[in-house]
Amino acid sequence: MTEPRSAIGRSVDRYDGRAKVTGQARYAADNTLPDLAYAVVVQSTAAGGAVTHIDTAAAESSPGVLAVLTHANADRMFDIPKDLFTGEVPGDEVAPLQSGRIRHDGQHVAVVVADTLERAVHGAELVAVSHIPDEPSSELGAVPPFPAPDSFYFGSRLNAVDGDPATALAAAPIRLDLEYRTPIEHHNPMEPHGVVAAWDGDDLTLFDTTQHVIGSRNVVARRLGIARECVRIVSPFVGGGFGAKTFPWSHVALAALAARRVGRPVKLVLTRKQLFTSTGHRPATVQRLAVGADRDGALVALRHHVTTHTSLTDSYCEPAALVTRYLYACPNIAISHDIARLNLPAPLPMRGPGEAPGVFALESALDELAHRAGVDPVALRHRNHADVHPVSGKPFSCKRLRECYDLGAELIGWNERSPVPGTMADGNFLVGYGMATATYPANTAPCSARISLTADGEVAVASAVHDIGTGTATIMAQLVAELLGVRPEAVTVVLGDSDLPEGAMASGSKTTASVGAAIEAAVARLRAEVVRVLTASGGSPADLAEQRIPLGDIVRLSGRRKIAVEGRSELLTGTIADNLGVGGPVELNSFGAQYCKVRVDRDLGEVRVTDFVSVHDVGRVVNPKLATNQVYGGVVFGLGMALTEETILDERSGRFVTRDLATYHVPTNPDVPSITVRFIDEPDLSANSFGVKGVGEISAIGVPAAIANAVFHATGVRFRELPITPDRVLARLRDARPGPGADRS
Ligand code: MOS
């Protein structure tokens, strides 16, 4: 086992690429079982009140219908309070079909099971729900918000004052008091949530689509009141999650319940429309930012207050101000979050929860400060660069952010622009450049992995982690190959199954670091085992080191068919570790600088991003092709957040108006510019021994502010509310028609 150190840093092709493009990859709803039945949910059409009666007679006598489950006849299921630390987090705290109480629009009130999907759909249409609606409170501002409990977001301090921001603000030569708004957004992964539930006696198997097979198993077991050991979640392929599949939603347990009722396996797939009410969303934020600075733009105070919302039952808080506590050197910082309980479905993390809306506000405000102080926006970032964490005082493990700024500026042609806003017209288009900082914690969670060797020399690695389109399987093969000195293509990877060694949730951009540490632990054990076998049969470890003996031969020497070992890493870094006080002597974060060029159509109000540059310090890059793809995806997330994505709420009824991809606009190919991606690629060995920090969400974080800042530079008009849609642009341009150079914010 020599270490050629060659498997890392290579653009190895995606492990499952061929299976996916040839249609061989079997996603959750692709599973069919003998005697399969189909379930369709019936949802409430009001956001509050109580169901008084459900008439199921017509549905029950409809051809092919096997059962209709309602709160009147459903088996007992259990409520589960959300506690992010346990990993047993349900999407909905309250178990479905246990009472007639309605808490949000689209709540599941019945499930119809039939022998075909069509008959189930028809049966669902025949269910008549009578209910007394009450006046829902669904709008931010409709009910008084309260301070978010500090404990909720993985123990993060959501309300904190460091220094004396009030005094510093009062004395600051430059003061800004700004309000930014972000709307409700929906994840909209390509693959909708769907599950196939099958019982074998007391044992339940769920073919699901999830970012967390272990958490899902534990939640389903608790919800149904059965032992964990009786539940298996199988989820080898996931067609995107973006956070919506981190916690299991009510339909998963409902499918299990339905399958038990009819004594057949049951498939339950939510429609695109149902996803909008049944699988979470990013809540809206109103963010008040007070900025105090010296005349040269050096920050003296930051106060970031967030108002957001959650559901009637839980305490999820979009932690948008957390980032303000570490992004810049500033001696006086206050952050606070208020949440309101509304008649809305439960929110949950989405594509950079907290950082994405928070950095939009903070990095827009920094741009406003730059213009007010008359300092170049990039120079302003350099001036306020945090060499150490401004609150903890700890050094950052590795922070090459300054290089990100400079490389990005060079690649976009920052210095070729006219610095004065509204002065770069090209015919009918107003042209502008914008930039913003990106950052994300370098998270790692405990994780296990098993490595096995066969006498034929086959190497396999298995862990209950997930490939949600990120390339996890490929990365695992590369890491194993690196440590064992074999080719990545020769490593078999198994993941996405709760019966495998316990893996980490695919969230918080932490899978590579987490499973990497587990693989390393497993390889260390494998080495010890191999050396033991070798020594026992008269060989020497040197034979191994010099590759005089193939790995398969060692298995044969052992007299076994295979040698399998399991390794576990308890490595915990990032947000959770910091909050538990086990974060160590350095701050672990990824960083980046994002730049763009936009063209704003004067007549149509359309913003077109024509060039995008994303430069990141994310530690070591295991697979440049996959990492670059991650950044492409992240930039597109950010592009959607900046320009198109918005869920419209009808405040009177508490219902989402936007319920499909025709009305909820995600960017498509013509919206996506050429994206230039660069990595600093320096291993951060404080993070883990591979030096990786995770490259998922960070690439979305700076995008909305970079675009909004570019739109300001193009037009001289400041947009403090997302998304920046043509109607908003036209209205604001019409309001402000003065000559170029004026600051019309
Ligand atoms: Mo992600 S929003 O951490 O699944």
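Test Ser686 against the stated conditions and say whether it is assigned by TED's automatic domain parsing to the domain that holds Leu411, part of a loop (DSSP other than H, G, I, E, B), modelled with pLDDT of 90 or more and among the small types (Gly, Ala, Ser). Show your work before the answer.
Numbers: assigned by TED's automatic domain parsing to the domain that holds Leu411: yes; part of a loop (DSSP other than H, G, I, E, B): yes; modelled with pLDDT of 90 or more: yes; among the small types (Gly, Ala, Ser): yes.
Considered against the rule, which asks whether it is assigned by TED's automatic domain parsing to the domain that holds Leu411, part of a loop (DSSP other than H, G, I, E, B), modelled with pLDDT of 90 or more and among the small types (Gly, Ala, Ser), Ser686 comes out as yes.
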Which of the residues spanning the range 331-364 are open to solvent by less than 10 Å² (accessible area, probe 1.4 Å), of a type outside the set (A, V, I, L, M) and away from the ligand (no atom under 16 Å from the Cβ)? His337, Pro345, Glu363, Ser364
Given (1) under 21 Å from Ile184 (Cα atoms); (2) open to solvent by 40 Å² or more (accessible area, probe 1.4 Å); (3) hydrophobic (A, V, I, L, M, F, W, C), identify the lone condition not met by Leu126. (1)
Checked pairs for the range 193-211, first closer than 21 Å to Asp115 by Cα and open to solvent by less than 20 Å² (accessible area, probe 1.4 Å), second modelled with pLDDT of 95 or more and acidic (Asp, Glu), C-beta under 7 Å and 6 or more apart or across chains, list as Val195/Asp208
Please work out which one of (1) assigned by TED's automatic domain parsing to the domain that holds Pro377; (2) open to solvent by less than 10 Å² (accessible area, probe 1.4 Å); (3) outside any strand (DSSP E or B) is the condition Met476 fails and give its number. (1)
Just wondering, is there one or more residues in the range 329-339 that are farther than 30 Å from Asp387 by Cα, in contact (Cβ under 8 Å) with a residue 40 or more places away in the chain and assigned to a loop (DSSP other than H, G, I, E, B)? no
If you check Glu520 against the conditions, is it open to solvent by 50 Å² or more (accessible area, probe 1.4 Å) and part of a helix (DSSP H, G or I)? yes
Quick check, is Tyr38 at pLDDT 95 or above, touching a strand residue (DSSP E or B) at 6+ places or on another chain (Cβ under 6 Å) and aromatic (Phe, Trp, Tyr)? yes
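If I ask for residues that are within 15 Å of Leu479 (Cα to Cα) and not β-branched (Val, Ile, Thr), which ones from the range 515-526 would you list? Before the answer, list the steps.
Within the range 515-526, the subset within 15 Å of Leu479 (Cα to Cα) is 515-524, 526.
Selection gives Gly516, Ala517, Ala518, Glu520, Ala521, Ala522, Ala524, Leu526.
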Report yes if some residue within the range 448-466 is buried (at least 24 other Cβ atoms within 10 Å of the Cβ), part of a helix (DSSP H, G or I), away from the ligand (no atom under 16 Å from the Cβ) and modelled with pLDDT of 95 or more; otherwise report no. no
How many residues, within the range 237-258, are polar (S, T, N, Q) and either surrounded by fewer than 24 Cβ atoms within 10 Å (Cβ to Cβ) or more than 16 Å from the ligand (Cβ to nearest atom) (or both)? 1
Conditions (1) within 16 Å of the ligand (Cβ to nearest atom); (2) over 30 Å from His104 (Cβ atoms); number of the one not met by Glu697: (2)
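Return a yes/no flag: does the range 58-75 have any residue that is of a type in the set (Val, Ile, Thr), out of contact with any Phe, Trp or Tyr (no Cβ under 7 Å at 6 or more places or on another chain) and open to solvent by 50 Å² or more (accessible area, probe 1.4 Å). Reasoning before the result, please.
Taking the range 58-75 as the starting set, the residues that turn out to be of a type in the set (Val, Ile, Thr) are 65, 68, 70.
Now restrict to residues that are out of contact with any Phe, Trp or Tyr (no Cβ under 7 Å at 6 or more places or on another chain): 65, 68, 70.
From what's left, open to solvent by 50 Å² or more (accessible area, probe 1.4 Å): none.
So far as the range 58-75 goes, no, none of its residues is of a type in the set (Val, Ile, Thr), out of contact with any Phe, Trp or Tyr (no Cβ under 7 Å at 6 or more places or on another chain) and open to solvent by 50 Å² or more (accessible area, probe 1.4 Å).
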For the range 269-284: of the residues being buried (at least 24 other Cβ atoms within 10 Å of the Cβ) and under 18 Å from Leu206 (Cβ atoms), which is nearest to the ligand (Cβ to nearest atom)? Thr279
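Would it be correct to say that Ala298 is within 22 Å of Leu322 (Cα to Cα) and surrounded by fewer than 23 Cβ atoms within 10 Å (Cβ to Cβ)? Please lay out each step first, then the result.
Numbers: within 22 Å of Leu322 (Cα to Cα): yes; surrounded by fewer than 23 Cβ atoms within 10 Å (Cβ to Cβ): yes.
Answer is yes for this residue.
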Checking Phe154 against (1) of a type in the set (Phe, Trp, Tyr); (2) away from the ligand (no atom under 15 Å from the Cβ); (3) under 25 Å from the mean Cα position of the chain (by Cα): exactly one of these is not met. Which one? (2)
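Inspect the range 101-113 for any residue being modelled with pLDDT of 95 or more, open to solvent by 40 Å² or more (accessible area, probe 1.4 Å) and either assigned to a loop (DSSP other than H, G, I, E, B) or over 30 Å from Leu369 (Cβ atoms) (or both) and give the result as yes or no. First the steps, then the outcome.
Here is the first cut: in the range 101-113, the residues modelled with pLDDT of 95 or more are 101-113.
Checking which are open to solvent by 40 Å² or more (accessible area, probe 1.4 Å) leaves us with 101, 103.
Add one more test, that the residue is either assigned to a loop (DSSP other than H, G, I, E, B) or over 30 Å from Leu369 (Cβ atoms) (or both), and what stays is 101, 103.
Looking through the range 101-113, at least one residue is modelled with pLDDT of 95 or more, open to solvent by 40 Å² or more (accessible area, probe 1.4 Å) and either assigned to a loop (DSSP other than H, G, I, E, B) or over 30 Å from Leu369 (Cβ atoms) (or both).
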Go over the candidates Val266, Val234 one by one and state the one that is crowded, with 22+ Cβ neighbours inside 10 Å and away from the ligand (no atom under 16 Å from the Cβ). Val266
Is there any pair linking a residue in the range 388-416 that is surrounded by fewer than 15 Cβ atoms within 10 Å (Cβ to Cβ) to one that is in a helix (DSSP H, G or I), with Cβ under 8 Å and at least six apart or on different chains, and which? Asn415/Ala409
Filtering strands (runs of 3 or more DSSP E) wholly in the range 136-205 for at least 2 residues that are of a type in the set (Val, Ile, Thr) gives 174-182, 194-200
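The values are calculated or read from the model by the stated rules, or taken from the named source; none is laboratory data. What you see is a predicted model, and the numbers here were worked out from it, not measured in a lab. Note that each Cβ is placed from the backbone with ideal geometry, even for glycine, and that neighbours are counted across all protein chains shown. Ligands, DNA and RNA are excluded from the accessible area calculation, which covers all protein heavy atoms including side chains. Shrake-Rupley method; radii C 1.70, N 1.55, O 1.52, S 1.80 Å.
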